[in-house]
1. Is there any pair with a first residue in region 1-28 that is touching a residue at least 60 places away in the same chain (Cβ under 8 Å) and among the charged types (D, E, K, R) and a second that is assigned to a helix (DSSP H, G or I) and open to solvent by less than 20 Å² (accessible area, probe 1.4 Å) whose Cβ atoms are under 6 Å apart and which are 6 or more apart or on different chains, and what are they?
2. Which of the numbered conditions does K212 fail, given that it passes all the others? Conditions: (1) open to solvent by 10 Å² or more (accessible area, probe 1.4 Å); (2) modelled with pLDDT of 95 or more.
3. Run down D182, D147 and say which single residue is out of contact with any Phe, Trp or Tyr (no Cβ under 6 Å at 6 or more places or on another chain), in contact (Cβ under 8 Å) with a residue 40 or more places away in the chain and acidic (D, E).
4. Of everything in region 305-343, what is within 27 Å of F358 (Cβ to Cβ) and among the aromatic types (F, W, Y)? Give them in sequence order.
5. Determine, yes or no, whether S372 is among the hydroxyl-bearing types (S, T, Y), part of a loop (DSSP other than H, G, I, E, B) and open to solvent by 10 Å² or more (accessible area, probe 1.4 Å).
6. What is the number of the single condition among (1) surrounded by fewer than 17 Cβ atoms within 10 Å (Cβ to Cβ); (2) over 25 Å from T401 (Cα atoms); (3) over 20 Å from the mean Cα position of the chain (by Cα); (4) touching a residue at least 60 places away in the same chain (Cβ under 8 Å) that G167 does not meet?
7. Which condition does E397 not pass, out of (1) in a loop (DSSP other than H, G, I, E, B); (2) of a type in the set (D, E); (3) touching a residue at least 60 places away in the same chain (Cβ under 8 Å), if it passes all the others?
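The values are calculated or read from the model by the stated rules, or taken from the named source; none is laboratory data. Since this is a predicted model, take the numbers as computed values, not measurements. Positions of Cβ are backbone-derived with ideal geometry, glycine not excepted, and every protein chain shown enters the neighbour counts. The protein model used for the area step is the full one, side chains on, heavy atoms only, and it has no ligands, DNA or RNA in it. Shrake-Rupley method; radii C 1.70, N 1.55, O 1.52, S 1.80 Å.
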Amino acid sequence: MLDLKFIRENADQVKRGVQNKKESADIDQILTLDEERRGILVEVEKLKATRNRVSKDIGEQVKSGGDPAELKAQMREVSQQIQDFDLRLKDVETNLTSLLEWVPNMPHPSVPVGLTAEDNQVYRTWGEPLISDFPLKDHLTLGKELDILDFGRGSKITGSGFPVYKGKGAALERALINFMLDQHTRHHGYTEMFIPFVANRDSMRATGQLPKLEDDMYYVNRDELFLIPTAEVPLTNLHRDEIIPEEQLPIYYTAYSACFRREAGSYGRDTRGFLRVHQFNKVELVKFVHPDSSYDELEKLLLDAESIVQMLGIHYRVLTLCSGDLSFSSAKTYDIETWAPGEGKWLETSSVSNFEDFQARRAAIRYREKESGKARFLHTLNGSGLATSRLMVSLLETFQTDEGTVLVPEALLPYLNFRVIGRES
């Protein structure tokens, strides 16, 4: 959530930021309500001052033997006015808070201005695309021929977009998750957490999924809980309503979770196989950092995510997202896209974002300065480290052979008891 004072003092900048993010927050109405709120507070303070003065006068009249009836009547009138203003203030603040929840985070000045993914900028690339002398198969064909993926039975059990992994496919998925968790905990300084896969409304609101993305969430009405779209939600909310000593920063967490997304806006997009699913696995990375270091931490976070793809030996590129492609809560985001040679396209495998103090304000997460003792909002960051579904597409298609098998990347061999994925006899 943006600081109301910041909006008040930088209204034109905020309006541009909202426009550049393709959002529709009503900044003028927010300013109107803010002015009304401050006006009410001034009037209430005047009335309270009057009440204090009248109370003193009543005491003096009683002490001198006078009749304070008129002053008491005046006191009742003033008290009623204060009560009326308090009710009006509560209504104004409720409406104001509701409008503020729809104001997105502002893009960082380094973010390119643009409206669509076509305006994203290539930040860097790594590796080379697979060049083969045999016809390449896509992951759907490989999954079926090798009997390691079963989308049909997943649809029968639940519906489309809920895949089933089988045999060596299931083992490969588990190996990817364990490999990523081990890398981030052993070499990148993250503390592993195992978190709930459901979250309450306060948690979803704190990280910015609500109210904007409610239609994209799976909601359990009876228990008023949401299936998490990412482990970012529970990991960030670990410190909701807390003040962290400055000397404990930075804090790094990683966690595996299943992720659930309705993908309500995916109509017309390519939804074959793993390209767009409603349930997938992901290893998440979350940081709580000092505001002065958050953009250095963003670059480090990106390197942590990139290292996974490099160790797997998959060709990828990093994009700097333009303003119109940023998420609601992000100030700056890098996407890692892996190359899928069978599909012949780039696939988003990771997003790495700096939210600055946007989530911290919504979640009331602060740090206490060591010298001054003041509590200030810290910065939060998160990144996929990585999501496995599209990574699986790139892996299968990159390491396929002319014999129709798939070779296991060297980095995953310690987690598996096979080197080649072939059709089981």
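1. K21/S323; K22/G324
2. Exception for K212: condition (2).
3. D147
4. Answer for region 305-343, where residues must be within 27 Å of F358 (Cβ to Cβ) and among the aromatic types (F, W, Y): F328, Y334.
5. Values: among the hydroxyl-bearing types (S, T, Y): yes; part of a loop (DSSP other than H, G, I, E, B): yes; open to solvent by 10 Å² or more (accessible area, probe 1.4 Å): yes.
Spelling it out, S372 is indeed among the hydroxyl-bearing types (S, T, Y), part of a loop (DSSP other than H, G, I, E, B) and open to solvent by 10 Å² or more (accessible area, probe 1.4 Å).
6. The one condition G167 does not meet is (2).
7. (1)
Quick grid of which residues meet (1) free of Cβ contacts under 8 Å to residues at least 12 places away in the same chain; (2) open to solvent by 40 Å² or more (accessible area, probe 1.4 Å):
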{"position": "E45", "(1), (2)": "yes, yes"}
{"position": "K48", "(1), (2)": "no, yes"}
{"position": "D57", "(1), (2)": "no, yes"}
{"position": "A73", "(1), (2)": "yes, yes"}
{"position": "L87", "(1), (2)": "yes, yes"}
{"position": "L96", "(1), (2)": "no, no"}
{"position": "P104", "(1), (2)": "no, no"}
{"position": "P107", "(1), (2)": "no, no"}
